[in-house]
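Working notes, beginning with the structure itself.
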Amino acid sequence: MNTENLRLVIADWATLQKDAQAIRYEVFVIEQKIPAELEWDAADTECLHAVAYDVDGRAVGTGRLLPDAHIGRMAVLATARGLGVGAQILRTLMKEAKARGEVAVRLNAQQSAENFYLKEGYIRDGEIFEEAGIPHVSMIYHFA
C-alpha cells in the first residue's frame, strides 16, 4: 500500500462510527486486550474523526480530535502499519486543529509509539503513566 492511494475522510461520529469502531475494536480490544467498556466513551460524539481507506476502500486506520485539542484513539490495522497511514491521519487531524485556531495539540501516546510521535515533532510532556494497563506518556505539539 502506498499512502498516495489512501483516501482520508474527516467527519463526525455518526458518519464514521462503523469503520472507526471496527478498526478500534480490532486494534485495542482484540490485539491489545483492552476491555471494550474502556474503549467506547461519550467523547466520540463530540469529536472530529478521521478514517483512512486503502485503494480497495477498506478502512485501515482511524483517529479523533477532541474539542479540547487532544488527539486520541489513533489506531492502524496491523496489515497497514509501517506504511505511513498513521502519519497521514495524525497530520490531517493536526491540520484540522490548526485551522480551528488551536496553538497546540496534545495526546497520550502508548509508550511503544512514543518514537512515532517524536518523529512528527511532538515532545514529551510528563512522566510515564498507566492507562488501561498500558504505559503511556503525555506529548504536545506547538504550532509555529
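Rule-based calculations on the coordinates, nothing more; no lab input. Here the structure is a predicted model, which means the values were calculated and not measured. A quick note on method: Cβ atoms are made from the backbone with ideal geometry, for glycine too, and the neighbour counts reach across all protein chains shown.
Would you check if there is a residue in region 98-115 being of a type in the set (Ser, Thr, Tyr) and either part of a strand (DSSP E or B) or closer than 16 Å to Gly63 by Cβ (or both)?
Residues of region 98-115 that are of a type in the set (Ser, Thr, Tyr), as a first pass: 112.
Filter again for either part of a strand (DSSP E or B) or closer than 16 Å to Gly63 by Cβ (or both), leaving none.
Checked against the condition, which is being of a type in the set (Ser, Thr, Tyr) and either part of a strand (DSSP E or B) or closer than 16 Å to Gly63 by Cβ (or both), region 98-115 yields no hits at all.
Within region 1-92, which strands (runs of 3 or more DSSP E) (wholly inside it) include 2 or more residues that are without any contact (Cβ under 8 Å) to a residue 40 or more places away in the chain? Give the steps one after another, and end with the answer.
Working: elements: 7-11, 48-53, 59-65, 70-76.
So the answer is 59-65, 70-76.
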Worksheet item: Listed residues Val29, Val51, Val60; which is farther than 11 Å from Val85 by Cα, touching an Asp or Glu at 6+ places or on another chain (Cβ under 7 Å) and surrounded by 16 or more Cβ atoms within 10 Å (Cβ to Cβ)?
Response: Val29
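If you take the residues of region 64-117 that are at positive phi and under 14 Å from the mean Cα position of the chain (by Cα), which of them is surrounded by the most Cβ atoms within 10 Å (Cβ to Cβ)?
Just the residues of region 64-117 that are at positive phi, to begin with: 69, 73, 82, 84, 101.
If we keep only those that are under 14 Å from the mean Cα position of the chain (by Cα) as well, we get 69, 73, 84.
On the way: Ala69: 20, Arg73: 23, Gly84: 18.
The extreme case among them is Arg73.
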Discussion item. Can you list residue pairs whose Cβ atoms sit under 6 Å apart, with the first residue in region 132-144 being within 16 Å of Asp68 (Cβ to Cβ) and in contact (Cβ under 8 Å) with a residue 24 or more places away in the chain and the second being among the charged types (D, E, K, R) and assigned to a loop (DSSP other than H, G, I, E, B)? Count only pairs 6 or more apart in sequence or on different chains.
Written reply: Ser138/Asp125; Met139/Asp125; Ile140/Asp125
Item to complete: Filter region 32-48 for residues that are more than 21 Å from Glu130 (Cα to Cα) and surrounded by 15 or more Cβ atoms within 10 Å (Cβ to Cβ) and give the result.
Response: Asp44, Cys47, Leu48
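Quick check on Arg73: is it under 16 Å from Gln110 (Cβ atoms), among the basic types (Lys, Arg) and touching a Cys at 6+ places or on another chain (Cβ under 7 Å)? Spell out how you get there, then give the answer.
Values: under 16 Å from Gln110 (Cβ atoms): yes; among the basic types (Lys, Arg): yes; touching a Cys at 6+ places or on another chain (Cβ under 7 Å): no.
Against the criterion (under 16 Å from Gln110 (Cβ atoms), among the basic types (Lys, Arg) and touching a Cys at 6+ places or on another chain (Cβ under 7 Å)), Arg73 does not qualify.
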